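Enquirer: This is the structure I have questions about; it appears just below.
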Amino acid sequence: MRALEDDLFPSTPGKVKIERAGGTMNRQLHRCFASTSTMFLWALFLVAMTASYLSFQSFVDTSSKYFAASWGGLHWERQIRASAAPRRPPGSAAGAGMSVLVTGASGFVGAHCSLALRKRGDGVVGIDNFNAYYDPSLKKARKALLTSHGVFVVEGDINDGRLLAKLFDVVPFTHVLHLAAQAGVRYAMENPASYVHSNVAGLVTLLEACKNADPQPAIVWASSSSVYGLNDKVPFSESHRTDQPASLYAATKKAGEEITHSYNHIYGLSITGLRFFTVYGPWGRPDMAYFSFTRNILQGKPITVYRGKNHVDLARDFTYIDDIVKGCLGSLDTAGGSTGTGGKKRGPAPYRIFNLGNTSPVTVPTLVAILEKHLRVKARKHVVEMPGNGDVPFTHANISLARQQLGYKPATNLDAGLKKFVKWYLSYYGYTRGSKNL
């Protein structure tokens, strides 16, 4: 340390050791530049490593998405073709059978329709995104049920145009039963974008795929009784006005009717829209009143019963799932063919809309009383005024058109239907009194 200080500072004030200091400075400058060069090289090295890491991450991310994809490949295509192949015996009075793409196949109505189609010998391929709007495990259980009956369900979204194009490339579907949608009136106030994403954008993506398919399939899709909105004429008829939706959900379904009409008019797609009226039954949706009432009654929790203005009880045209399935299959069976080729219309194609209801509205308090009877448990009711959340006070379907053109005839009243639902519910959830898992 002393020698270093001697080299840098003079021994006598006013005198500098020029030569020694100069030599020392050169050495220091050399060390400095050597150190700077080393740092620069290290910096370059770190930059290169960072770039390599980011490139690798990008590759891994892309690869993960590719390898995690639930569709594609020769095995997948063989599964699709096998599931889509009709299985009706040769010379069957019902014909050769259809090949149907069912969207929302692991949903409530989708699962029931897929099973019914398969049981009568039609080819069925399902698609479902298994979103978390309600418990996905119930959707997975429905999928397992479909798989056990030979129905293959693709895990994918109807907004994925590439996936839809691939499905139509692998199988020349004769029909599409479009049941995928964001359901629920009240949830639209929490997550409005999901309704536009599924019910509008998803519908357009599907119609584009159908338009470009060769051959073009006939399309049957689920609209909703909600489109009647603030209409106060009863029973609701297909000829009544539907330009006053009371909820965003209803507005997206009404938009769907206008969108499908335009694709029918421009591209020759055969379109049938079905306005469902409060569907219920086994394997139903947990967000529906009858389902949540059952769960809460069994758990000893209070249920909220809404009441309309002037203390008028709300009423719904509850329609059992088996009756809805018959209406859906009847619509598929009577759907005329699409007339387009390569996205170009060759002639007029059918455009139809039908109500599918039970024609016997029942008040919500009556619904609760029927559940109490079959559950053998008294409900703890909390009656409140209906909030302004998009619900309407009553629904009532006029089904004369569906009866005339589809042979639609509902056969299950609410008492019989809820009895079947309760039996399924107790079996599926393994109910024991006081259980907190229902």
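The values are calculated or read from the model by the stated rules, or taken from the named source; none is laboratory data. Note that the structure is a prediction, hence the values are computed from the model and not measured. Neighbour counts are summed over all protein chains in view; Cβ atoms, including those assigned to glycine, are modelled from backbone coordinates with ideal geometry. Calculation scope for accessible area: heavy atoms of the full protein, side chains included, ligands and nucleic acids excluded. Shrake-Rupley method; radii C 1.70, N 1.55, O 1.52, S 1.80 Å.
Enquirer: Among the residues of the stretch 236-259, is any in a loop (DSSP other than H, G, I, E, B), β-branched (Val, Ile, Thr) and touching a residue at least 12 places away in the same chain (Cβ under 8 Å)?
Expert: Yes, the stretch 236-259 contains at least one residue that is in a loop (DSSP other than H, G, I, E, B), β-branched (Val, Ile, Thr) and touching a residue at least 12 places away in the same chain (Cβ under 8 Å).
Enquirer: A further question follows. May I ask you to list the residues in the stretch 353-369 that are within 22 Å of ASP323 (Cα to Cα), open to solvent by 40 Å² or more (accessible area, probe 1.4 Å) and not in a loop (DSSP other than H, G, I, E, B)?
Expert: Those that are within 22 Å of ASP323 (Cα to Cα), open to solvent by 40 Å² or more (accessible area, probe 1.4 Å) and not in a loop (DSSP other than H, G, I, E, B): THR363, THR366.
Enquirer: OK, next. If you scan the stretch 326-349, which residues turn out to be among the aliphatic types (A, V, I, L, M), more than 17 Å from PRO172 (Cα to Cα) and part of a helix (DSSP H, G or I)?
Expert: Matches in the stretch 326-349: LEU329 only.
Here's the yes/no breakdown for (1) over 21 Å from GLY107 (Cα atoms); (2) in contact with a His (Cβ under 8 Å, 6 or more places away or on another chain):
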{"site": "LYS166", "(1), (2)": "yes, no"}
{"site": "PRO172", "(1), (2)": "yes, no"}
{"site": "GLY184", "(1), (2)": "no, no"}
{"site": "SER194", "(1), (2)": "no, no"}
{"site": "LEU203", "(1), (2)": "no, yes"}
{"site": "ASP232", "(1), (2)": "yes, no"}
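Enquirer: Can you tell me which residue is surrounded by the most Cβ atoms within 10 Å (Cβ to Cβ) among those in the stretch 370-402 that are part of a strand (DSSP E or B) and among the aliphatic types (A, V, I, L, M)?
Expert: ALA397
Conditions (1) acidic (Asp, Glu); (2) open to solvent by 30 Å² or more (accessible area, probe 1.4 Å); (3) under 27 Å from the mean Cα position of the chain (by Cα), marked per residue:
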| position | (1), (2), (3) |
| --- | --- |
| THR334 | no, yes, yes |
| GLY337 | no, yes, yes |
| GLY343 | no, no, yes |
| GLY347 | no, no, no |
| TYR351 | no, yes, yes |
| GLN404 | no, yes, no |
| ASN413 | no, yes, no |
| ALA416 | no, yes, no |
| TYR428 | no, yes, yes |
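Enquirer: Then there's this: Which condition number in (1) touching a residue at least 40 places away in the same chain (Cβ under 8 Å); (2) closer than 30 Å to PRO393 by Cβ is the one that ALA193 fails?
Expert: Only one criterion in (1) touching a residue at least 40 places away in the same chain (Cβ under 8 Å); (2) closer than 30 Å to PRO393 by Cβ is unmet by ALA193, namely (1).
Enquirer: Here is a further query. Checking SER99 against (1) free of Cβ contacts under 8 Å to residues at least 60 places away in the same chain; (2) surrounded by fewer than 24 Cβ atoms within 10 Å (Cβ to Cβ), which single condition isn't satisfied?
Expert: (1)
Enquirer: Now a separate question. Assess whether SER239 counts as being open to solvent by 20 Å² or more (accessible area, probe 1.4 Å), touching a helix residue (DSSP H, G or I) at 6+ places or on another chain (Cβ under 7 Å) and at negative phi.
Expert: Here the answer is no, as SER239 does not meet what is asked.
Enquirer: Please work out which residue is surrounded by the fewest Cβ atoms within 10 Å (Cβ to Cβ), limiting yourself to the stretch 144-190 and to residues that are out of contact with any Pro (no Cβ under 9 Å at 6 or more places or on another chain) and in a strand (DSSP E or B).
Expert: Taking the candidates together, the pick is GLU155.
Enquirer: Here's a check for you: in the stretch 115-143, which residue that is farther than 20 Å from PRO286 by Cα and touching a helix residue (DSSP H, G or I) at 6+ places or on another chain (Cβ under 6 Å) is most open to solvent (accessible area, probe 1.4 Å)? If you could, list the steps in order and put the result at the bottom.
Expert: Initially, the stretch 115-143 is screened for residues farther than 20 Å from PRO286 by Cα, giving 115-127.
Narrowing further to those that are touching a helix residue (DSSP H, G or I) at 6+ places or on another chain (Cβ under 6 Å): 116, 123-126.
On the way: ALA116: 27, GLY123: 0, VAL124: 0, VAL125: 0, GLY126: 0 Å².
Checking each candidate, the answer is ALA116.
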